Amino acid sequence: MKLHHEENYWWDLFSWKELEHLINLRPLMSTDRVVLLHSKKGYKWNLDTWSTQDSIPASVIKEVLENGFLYIKEASRFTRKINELANEIEKEYGYQTDAHIYATLNPDLPHPLGAHIDDNDNVIVQCEGATNWKVWDKMDVIPDSRKDWVNIDLDKPPTLDITLLPGDAVWIPKYHPHLATSEDDRLSVSFPSRGSKDDLFQDREWVKLSSM
Ligand SMILES: [Fe+2]
């Protein structure tokens with residue numbers, strides 16, 4: 001299902017300006033949260049005496065964005081709006097939901113996983129740029145065959161072939177092969193959902209210190 005930005009409020013979910021702000025908050029850019037893809041170089045950086053963890057400097061993030069591709073995990077509380085939408089998706093579907101921020105300023109790169117399947121449902125919101133999505137019918141999945149879940153060769157046409165513009169969203173249920181192709185600089189936020197329905201959920205309260 002494609003949701004168009006004129007019909008929902010996600011048109012202003014997240015922007016390059018907000019990403020710029022976040023990447024400059026270096027402790028948020030920890031190496032266990034930020035995944036650098038297609039970066040040809042083995043980047044190196046220094047940690048000073050005050051660093052409490054290995055986090056990536058903003059200058060390296062910028063270089064990866066210009067030449068490669070990155071995504072940031074555990075970002076569901078990075079902004080109030082992202083937290084709000086994660087909360088709505090959790091209430092609607094009943095599963096724990098994260099937010100992954102995907103970004104590149106180099107749209108010529110192919111998706112590193114090609115056509116692939118995931119073991120979680122996913123709502124993807126295009127925030128800036130344009131991304132073409134192809135989605136195929138559900139595949140029968142053999143347990144423990146994860147290596148076969150990526151770069152899948154599909155000889156039939158996709159069930160869905162759409163280009164998302166800022167504010168558009170697509171919902172992809174698990175085990176449906178999908179292929180994302182950037183048509184422009186890309187900034188999108190994916191909301192993967194998984195877990196069992198009685199699991200504990202993230203605390204979604206957005207605190208305001210109104211007395212200050
Ligand atoms: Fe995926």
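Readers should treat all values here as calculations from the given coordinates under stated rules, not as data from a laboratory. Just so it is clear, the model here is predicted, and its values are computed rather than measured. With ideal geometry, Cβ positions are generated from the backbone for all residues, glycine too; neighbour counts draw on all protein chains shown.
Give me K44, K174, K91 sorted ascending by neighbouring Cβ count inside 10 Å, so fewest comes first.
K44, K91, K174
So which chymotrypsin sites (Phe, Trp or Tyr not before Pro) in the range 157-212 pass both tests, a DSSP loop state and at most 15 other Cβ atoms within 10 Å of the Cβ?
F201, W206
Of all chymotrypsin sites (Phe, Trp or Tyr not before Pro) in the range 49-91, which ones are in loop regions per DSSP and have a Cβ with at most 15 other Cβ atoms within 10 Å? If you can, show how the numbers build up before the last one.
Numbers: sites: W50, F69, Y71, F78; in loops: W50, F78.
Here the sparse-neighbourhood loop sites are W50.
Percentage of Cα-Cα pair distances in the chain greater than 23 Å, rounded to whole percent? Please report the intermediate quantities before stating the final value.
Working: 11122 of 22366 pairs.
Distances greater than 23 Å cover 50 percent of the Cα pairs.
Rounding to the nearest 20 debye, state how big the charge dipole of the chain is about its Cα centre with +1 on each Lys and Arg Cβ and -1 on each Asp and Glu Cβ. Each step should come with its number before you reach the end.
On the way: 24 positive and 36 negative charges, 105 e Å.
With Lys and Arg at +1 and Asp and Glu at -1, about 500 debye.
Restrict the search to the range 113-212; then list the GluC sites (Glu not before Pro) that DSSP places in a loop and that have at most 12 other Cβ atoms within 10 Å of their Cβ.
E205
Any idea what Rg and Dmax come out to for the range 1-120 if you just take the C-alpha atoms, in Å?
That works out to 15.9, 50 Å for Rg and Dmax.
Which order results if H178, H38, H111 are arranged by neighbouring Cβ count within 10 Å, fewest first?
Starting with the residue having the fewest Cβ neighbours, the order is H38, H111, H178.
Do you know the relative contact order of the chain, to the nearest whole percent, from alpha carbon pairs under 8 angstrom that are 6+ apart?
Once normalised by length, the contact order is 28 percent.
Toward the positive end of the charge dipole of the chain, about the Cα centre and with charges on Cβ (Lys, Arg +1; Asp, Glu -1), which of Y95, G167, I23 goes farthest?
Highest projection toward the positive end goes to I23.
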